[in-house]
Amino acid sequence: MGKVKLLDKSFKLYISAEEIEKNVNILARQINNELKGEEVCFLGVLNGAFMFASDLLRQINLNCRTTFLKLASYSGTSSTGKVKQLIGINEDIKDSVVVVVEDIVDTGSTLEYLVKLLKEYGPKDIKIATMFMKPEAYVGEISIDYIGMKIQNEFVVGYGLDYEGYGRNLKDLYILESQN
Ligand code: IMP
């Protein structure tokens, strides 16, 4: 499927499911190697990370915990720069290595907020794993430990990412087609 229409916008195929899978597997191997022997808690950021977390965690062979947290930041196709926590952290993450599992890092403001929040719980360490990253949009200070794929600074949907709630179910990644 080369094109999809979601509400008023058209998107074209950008990165295939096969390409995504290859990169998820590389990340999983890296995490398995680097965090062997650690007390690890994976923390998926809902809604967007549900698909990446599901694929990644199936390839993780660590004795670890997995939990999710829900934040909200986006309305439409541009970041509002504001985030709010909707479902909080219930696990005891003190002394654990927390691996934040994100769908995409754009400006980095979500991450900034989240890392600040996590530090209050006293984890041993905080690692960041994201499937996609837009290096040109990133203005954060936090270093991203595990990056699946770097992408263009354009709006994308699929593989968990949405436009107004639509498109999360697409297994490939699609990019917004220019309007002209
Ligand atoms: P940031 O706070 O600007 O880094 O934005 C991060 C959040 O915005 C992600 O977790 C996504 O939910 C959302 N987001 C950023 N870029 C896109 C995109 O291209 N498509 C859909 N959602 C996006």
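Among residues of the range 15-43 that are more than 26 Å from Lys70 (Cα to Cα), those with a Cβ under 6 angstrom from a residue that is assigned to a loop (DSSP other than H, G, I, E, B), sequence gap 6+ or separate chain, pair up as Ser16/Asp172. Which of the residues that make up the range 76-102 are within 16 Å of the ligand (Cβ to nearest atom) and modelled with pLDDT of 90 or more? Across the range 76-102, the qualifying residues are Val99, Val100, Val101, Glu102.
Once the range 127-146 is narrowed to residues that are of a type in the set (A, V, I, L, M, F, W, C) and in contact (Cβ under 8 Å) with a residue 60 or more places away in the chain, the residue that is nearest to the ligand (Cβ to nearest atom) is Met131. Taking the listed residues Ser54, Ser73, the one that is modelled with pLDDT under 95 and either farther than 15 Å from Asp145 by Cβ or in contact with a strand residue (DSSP E or B) (Cβ under 6 Å, 6 or more places away or on another chain) (or both) is Ser73, with no other qualifying. Identify the residue in the range 110-126 that is in contact (Cβ under 8 Å) with a residue 12 or more places away in the chain and not in a helix (DSSP H, G or I) and, among all such residues, is nearest to the ligand (Cβ to nearest atom). Only one residue fits best here, namely Ile126. Would a scan of the range 13-33 turn up a residue that is among the β-branched types (Val, Ile, Thr) and over 16 Å from Ile128 (Cα atoms)? Yes: the range 13-33 contains one or more residues that are among the β-branched types (Val, Ile, Thr) and over 16 Å from Ile128 (Cα atoms).
The values are calculated or read from the model by the stated rules, or taken from the named source; none is laboratory data. No experiment lies behind these values; they were computed from the predicted model shown. Ideal geometry is used to build each Cβ from the backbone, glycine not excepted, and the neighbour counts take in all protein chains shown.
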